[in-house]
Each structure stands twice: as C-alpha cells, then as structure tokens.
Amino acid sequence: MASGTLTVDLDALVQNWQNLGAFGPEAGAVVKADAYGLGVGPVARALAKAGARKFFVATSEEGATLRRALGDGPEVFVFSGHMAGDSDMIADLSLTPMLNSIDQLQRHMEALPKAPFGIQLDTGMNRLGMEPAEWAALGEIAMAKSPALIMSHLSSADEPQSAMNILQLRVFKEMTAGLDVPRSLAATGGTLLGSEYHFDLTRPGIGMYGGAPYTDALPVAYLELPVIQIRDVEAGESVGYNMGYVARQPRRVATLAAGYADGLIRAMSSKAKLFYGQRECALLGRVSMDLITVDITHLTETPASLTLLGRQQSVDTLAAAAGTIGYEILTSLGARYTRRYSGG
Ligand SMILES: *Cc1c(COP(=O)(O)O)cnc(C)c1O
C-alpha cells in the first residue's frame, strides 16, 4: 500500500478534553478545520459521547457538517458569525452564530429574530468581534434578546508572561460587567493561565489534539509512512530534487510514500526526523510532492515503514523542525492517508 496511515487515538483525545475541562467549570470543544485535520465526524462524536455539549466551528458550512455528524442536541457555535447567505443554514441546522458586528446583529435580527445567537467581543486582538465603542452602543439591544454566550479571544495566551493577557482580561471584564449571560474567554492557552480566565466556559482546541501549549497532552495523531524502495547511494551521489542532499559517505536511503501534497511541508526538507522504533532517521534533501527520502544507513533491519508522528515525536517537535507550529502541521495533514480511529 503506497499511502501512509494516520491513526487518531480518540481515547487520548477524550482524555485530553476531560483533563483540560477539569481546570474550569465547563469545557466546550473547538472542532474547526475538520477538527484540526483529524476528522470532525469521529472526533466530535467521541467528544459528545464523553459529554461535550458545546462545539465551536469557524464557518456555517463547517457547522452544517458538524450538525449532520452530531444530530440534534449539542450547541454548535460559529465564530465567523452570521454572514450574508447563511440564514437558511443557520436556521435549518440550528447553528448559533457568534455575532461580530452591528451588520451581523442587524442581519440576524431581521432574518431570524427568534434564533439563538452569541456575541463575540474584541478585547484587543483586532481580528473578530465588536469593539468596546460598538458594544457600548449595541449592548442593550443585544442583551434584550438574551444571547446564549458572550466570548472573546486572547492573542497571546501561549505566552503566560505577556501583559496582553492581563489587558485583555481587564477589557473583557469591563465589557461584560453586570451582564447576566454565560461568558467565555479562554482557549487552550487561556485555560492554563489560571482560574480568573475561565469564566463559565473554556474553548480548548489544540490541547485536545495533543499540541502545545498543553504540554501534558497525550499524543492523539500517529502517522506511519510506508517505505516504497531502498537503495544504496555512493559517496558523491546526490538524492532528490536539485541535489538537495549529497552523500559524503556511502548511504542507505529509503524512499517513503508521502510528500508536501500530504502536508509534509517543504520547510521540513533536510530538517525533519523520522523514527524506526526509537531510532532516529534523518530526512535527506528536498520534500517532493508525493515522496520523501530518509537516511536508514544505521538501521540493522530493513524497515517496512517509518513513524513521523507518535510517541517518539509530537506535532510540536515536528513543527519546530519545519519552523512552524503544531496547528499548521495538524491542519495540513493530507487527504491521501488511510485514516484509522481507535477507541472513542
Ligand atoms: C481556534 C480558536 C479556539 C481554540 O484555540 P486553541 O488554541 O486551539 O485551543 C478558541 N477560540 C477561538 C475564537 C478560536 O479561533
């Protein structure tokens, strides 16, 4: 079989969600971007079975997919809010848009005056949400319609020392003081900052999937890549596009079935490590579209496959080798892998 196998450990995912949930009063679950690339159907069903009742996605289209996977019951919150053209989807699939602006509030009130909604506030990130002045003008109108949730998002929660956290916490408290509505500020990073950041609901994403800044996370994604061919390379010969690797001594080189079309971004070229059991094997030269080449000179056996993600290497270690973050590694994982789900 010439495709890699991506195994998602749903028991570990649920355990991470429960462990993160134990920090605060209640944990929602962020399953945007196809559950960070791991498959929204199996991931969301496992979390719902474990008791998750509030899910978050980026767009109404993702919400529709999620609703079909979960059925009625759990709340599905949409970060991008109520966009033009979304009204039917929001109504038919019982989505709860997080309204980000006066335009979205007006659209929602006009199109679906009885449908639930939440409010997203901008407390300093300047990405989504109503700004303090806007909220001062609209708050009373919005509150009269009993929003399901008011939330904001921290820009620097993965830097616990950042003064931005304290600033945003203060602005969030000021903007929501005295309001009788459930509040949410913390994603994974904020959950770890301390109880003053937890309010009524936390919104973990990356930590559930095994990524930093939740350093106690259990690994969730396992990626095994089959070896297609092995060859001996003489000193002075090159490997891969543009002679990306030139052998100084004789080398044994394995060619594996995954490349940048599968999410092994080109920045991993000459940098990433793979594993045969506990033994580290270096990626040699450039990542191709469908293939990588790996140094197996030091192995005594002939491997049938090598591990890229697993107990030996977390998404963050691999991300660091490629100069990126675990989020990007996960959400880049390609569609060609055979996907397996264990537990759940
Ligand atoms: C993605 C996202 C989250 C989850 O963030 P993690 O860092 O993955 O835990 C929570 N809230 C908002 C608004 C988001 O965009």
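Listed values, structure above:
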{"quantity": "Leading residue at positive end of dipole, the chain (Cβ point charges), from 41, 12, 128", "calculated": "12"}
{"quantity": "Relative contact order (percent, whole number), segment 221-342, Cα cutoff 8 Å, 6+ residue spacing", "calculated": "28"}
{"quantity": "Rounded to the nearest 20 debye, dipole of segment 10-209 from Cβ charges on Lys, Arg, Asp, Glu", "calculated": "400"}
{"quantity": "Those GluC sites (Glu not before Pro) in segment 278-344 that DSSP places in a loop and that have at most 10 other beta carbons within 10 Å", "calculated": "301"}
{"quantity": "Whole-number D in µm²/s for the chain (Stokes-Einstein; Kirkwood sum over Cα pairs; 20 °C, 1.002 mPa s)", "calculated": "99"}
{"quantity": "Residue-span extension gain [residue 241 to residue 279] - 0.36 nm each, minus C-alpha spacing", "calculated": "11.1 nm"}
{"quantity": "Selection from 305, 50, 21, by position along the positive dipole direction of the chain (Cβ)", "calculated": "305"}
{"quantity": "On Cα atoms only, tilt of 102-111 relative to the major axis of the chain in degrees", "calculated": "70"}
{"quantity": "Stretch gain in nm, segment residue 342-residue 92, where the contour uses 0.36 nm per residue and the Cα spacing is subtracted", "calculated": "86.8 nm"}
{"quantity": "Order of 275, 199 under a 10 Å beta carbon neighbour criterion, fewest first", "calculated": "275, 199"}
{"quantity": "Estimated FRET transfer efficiency (residue 304, residue 106; beta-carbon r; R0 45 Å; 0.05)", "calculated": "0.15"}
{"quantity": "Per-residue Cβ neighbour rank within 10 angstrom, fewest leading, 78, 253", "calculated": "253, 78"}
{"quantity": "Helix 60-70 vs. the chain, principal-axis angle (Cα, 0 to 90°, nearest 10)", "calculated": "80"}
{"quantity": "Neighbour cut-off at most 11 other Cβ (10 Å), DSSP loop, trypsin sites (Lys or Arg not before Pro), segment 190-260", "calculated": "248"}
{"quantity": "Segments 331-342, 59-70 sorted - mean Cβ within 10 Å per residue, highest first", "calculated": "59-70, 331-342"}
{"quantity": "Pairwise FRET efficiency - residue 126 versus residue 179, Cβ, R0 = 22 Å, nearest 0.05", "calculated": "0.50"}
{"quantity": "For peptides 167-175, 98-106, sequence by mean Cβ density within 10 Å, most packed first", "calculated": "98-106, 167-175"}
{"quantity": "The chain, dipole about Cα centre (Lys/Arg Cβ +1, Asp/Glu Cβ -1), debye to the nearest 20", "calculated": "740"}
{"quantity": "Normalised alpha carbon radius of gyration of segment 221-342 [divisor 2.2 N^0.38 Å]", "calculated": "1.00"}
{"quantity": "Ranking of 271, 49 by count of other Cβ atoms within 10 Å, fewest first", "calculated": "49, 271"}
{"quantity": "Segment 293-315-segment 60-77 distance, computed between alpha-carbon centres (Å)", "calculated": "38"}
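Every number here is computed from the coordinates shown, using simple stated rules; none is lab data. Treat the numbers as computed from the prediction; the structure is a model and nothing was measured. Heads up, the Cβs are rebuilt from the backbone with ideal geometry, glycines too, and the neighbour counts pull from every protein chain shown.
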